[in-house]
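Written below as structure tokens is the structure these notes are about.
The values are calculated or read from the model by the stated rules, or taken from the named source; none is laboratory data. The structure presented is a predicted model; accordingly, all values stated were derived computationally and were not measured. Here the Cβ is made from the backbone with ideal geometry for all residues, glycine too, and neighbour counts use every protein chain on show.
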Amino acid sequence: MKRIGVRLPNPVGDVVAATPLLRLLRQRNPDGRIVAFGNSKACEVLEGIDSIDELEVLTPDCLSGWGASRRQAKRIKKLMLDSVYLLPNSFSSALAAARARIPKRIGRRTATRNFLLTEKLPPVGEPRAMTKIYTEMIGEPQEPRTELAISIRGQRMASETLEALAAHGICPPFLGVAPGAAFGPSKIYPPELMAEAVRLSANATGLQPIYFGAPSESDLIRRIKQLCPAPFMYSSIDEMKALLKVCQVLLTMDNGARHIAAALDIPQVVLFGATDPRWTNFQQELTVSLQRDDVECSPCHKKVCPIDHRCLTRITPEVVAKAVTDAARKGTILSF
């Protein structure tokens, strides 16, 4: 039985974009074992999907620090893989796979890691959907839909959270709000504008807002909550998937939460500034993307804006609220 490994990317959104590749590998290798491995968040995103047989979490000491590559190689060698698809374009992922002596190592060429690959694919090149970038690795011209599952554990945690909210009179359907972005502050809508957009959207739709975010985003969300109070749901990714299912719409930056919502068929309104939407141009049926076309420096892909953040400040809360209202009509929880 062939054991086929997939080294997952690190960003949550890219992990979601990799699910079509996982599905295709499953279809093409019905008798093989599909083994996905990556950081803890990546594995949590994929919890419960049936296109993989094994999920292996790489602990932080395997991913950074002195000797990380050696530790990672030791870990993945135990998986006894016949081949591995290296989705990150990093030198370290290829080095660990080579050190683990995986016979077939497939990945995209870069200036530094070619000698570590046994099958060298063309560089990424021009911006296009990440789903396509990944499915191209197995010569697939089509782009199946992204997909996620909600585990029993995630459903249980979400049920407990919803019961606690209901005790305070806070009930679905919700207006989900994910204002953070791990990339950097250039991708974040200013808190005062986000708060006003949430207030206007809630008034227009009648939906109860709830904020989603990681602990590192708590200061940002606290500033928004001071201007527009609502519950802050820091939860595991597994629980967040279940809570998103009771959101009528998600107002979000270009972050992992919006890709999770898209895979779960939740309408999203996505604010773009510093990043190029062509990288995430997949599964757009329920997506409204807001981006100013009169900002000459966008997309710059800089983590910190060196000027006045005009790519996002020129998107007014009124425009955002109108988009949220329109997107909410596409949802299935509430009818207007």
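Descriptive notes on the structure:
- Test: residue in region 64-73 that is surrounded by fewer than 18 Cβ atoms within 10 Å (Cβ to Cβ), without any contact (Cβ under 8 Å) to a residue 60 or more places away in the chain and within 15 Å of Val12 (Cα to Cα): no
- Any hit, region 237-253, residues being of a type in the set (Lys, Arg), more than 24 Å from Ala164 (Cβ to Cβ) and either without any contact (Cβ under 8 Å) to a residue 12 or more places away in the chain or not assigned by TED's automatic domain parsing to the domain that holds Thr131 (or both): no
- Residue count for region 108-151 under the criterion of being of a type in the set (D, E, K, R), out of contact with any strand residue (DSSP E or B) (no Cβ under 9 Å at 6 or more places or on another chain) and more than 20 Å from Asp254 (Cα to Cα): the result is 2.
Conditions tested, residue by residue: (1) outside the structural domain of Val246 (by TED's automatic domain parsing); (2) surrounded by 20 or more Cβ atoms within 10 Å (Cβ to Cβ); (3) part of a helix (DSSP H, G or I); (4) in contact (Cβ under 8 Å) with a residue 60 or more places away in the chain.
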{"position": "Arg258", "(1), (2), (3), (4)": "no, yes, yes, yes"}
{"position": "Ala261", "(1), (2), (3), (4)": "no, yes, yes, yes"}
{"position": "Ile266", "(1), (2), (3), (4)": "no, yes, no, yes"}
{"position": "Thr275", "(1), (2), (3), (4)": "no, yes, no, yes"}
{"position": "Gln283", "(1), (2), (3), (4)": "no, yes, no, yes"}
{"position": "Glu296", "(1), (2), (3), (4)": "no, no, no, no"}
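- Single unsatisfied condition, Glu160 versus (1) outside any loop (DSSP other than H, G, I, E, B); (2) over 27 Å from Glu44 (Cα atoms): (2)
- Residue match in region 97-109 (condition: farther than 21 Å from Ala261 by Cβ, in contact (Cβ under 8 Å) with a residue 40 or more places away in the chain, more than 24 Å from the chain's Cα centre (by Cα) and not in a helix (DSSP H, G or I)): yes
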